[in-house]
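These notes are about the structure you will find just below.
The values are calculated or read from the model by the stated rules, or taken from the named source; none is laboratory data. All figures in this text were calculated on a predicted structure; none of them were measured in a lab. When the accessible area is computed, the model is the full protein with side chains, heavy atoms only, and any ligands, DNA or RNA have been set aside. Shrake-Rupley method; radii C 1.70, N 1.55, O 1.52, S 1.80 Å.
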Amino acid sequence: MDLGCGPGDYALAAAAIVGSKGRVYAVDIWRSMVERLRIEVRRRGITNLHGMIADITTTLPFPDAAMDVCLIATVLHIPKVTSKMAAIGSEVRRVLRPGGRLAIIECKKEEAAFGPPLDLRLTTKELQMPLVEAGFRAAGVVDLGPNYLIQFVV
């Protein structure tokens, strides 16, 4: 599950990784992004990737324990989303199966070459608190140059 998928680059890569035995759901609030992704999915003949329009700050349109992995890439720094991070964490926890993983990519606070303004960026510590409170366990951080990837386990 790719929450806040935008044009779906990560979801497209995930669909190739999981192959025909897996499913990928790409969720975004912007109809134009989801439609763009759906066009690309049809163009490539991909059958295991499903684009969905939904607001990730509300209830997700999935049953409990339905997902193995959730990716949230460069989304949590958006003020409307940041203010609901605890609720998002609880909802992601609900849809992840026991042992499921949450991976978050965000821009580092100290890097300013591209990305959101520095004052909107989140440190790994700022991400950890609401997610640990939602029932996640931090599982590691990977340095991605100007970005970082932080992983959590249910």
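Quick look at the numbers
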{"read-out": "Gyration tensor verdict on the stretch 1-78 (Cα atoms; rounded if a/c is under 1.5, prolate if a/b is larger than b/c, oblate otherwise)", "value": "oblate"}
{"read-out": "Relative compactness, the stretch 73-122, computed as alpha-carbon Rg over 2.2 N^0.38 Å", "value": "1.30"}
{"read-out": "Per-residue ³J(HN,Hα) for the stretch 127-137, Karplus 6.51 cos²θ - 1.76 cosθ + 1.60, θ = phi - 60°, Hz, x for Gly and Pro", "value": "6, 5, 3, x, 6, 5, 5, 7, x, 8, 10"}
{"read-out": "Between 0 and 90°, nearest 10: helix 9-18 axis offset from the chain longest Cα axis", "value": "60 degrees"}
{"read-out": "Under the Debye formula (equal points on every Cα, no solvent term), log10 I(q)/I(0) of the stretch 19-137 at q = 0.22 Å⁻¹", "value": "-1.33"}
{"read-out": "Whole-percent carbon and sulfur share, accessible surface of the stretch 31-154, 1.4 Å", "value": "57 percent"}
{"read-out": "Within the chain, helix-based [θ] at 222 nm, where runs of 4 or more DSSP H residues each add -39,500 (n - 2.57), nearest 500", "value": "-9500 deg cm²/dmol"}
{"read-out": "Unit Cα scatterers, Debye sum, the stretch 89-154: log10 I(q)/I(0) for q = 0.21, 0.23, 0.28 Å⁻¹", "value": "-0.83, -0.93, -1.17"}
{"read-out": "Compactness relative to 2.2 N^0.38 Å, alpha carbon Rg of the stretch 25-66", "value": "1.24"}
{"read-out": "Average accessible area per residue (Å²) across the chain - probe 1.4 Å, nucleic acids and ligands excluded", "value": "52 Å²"}
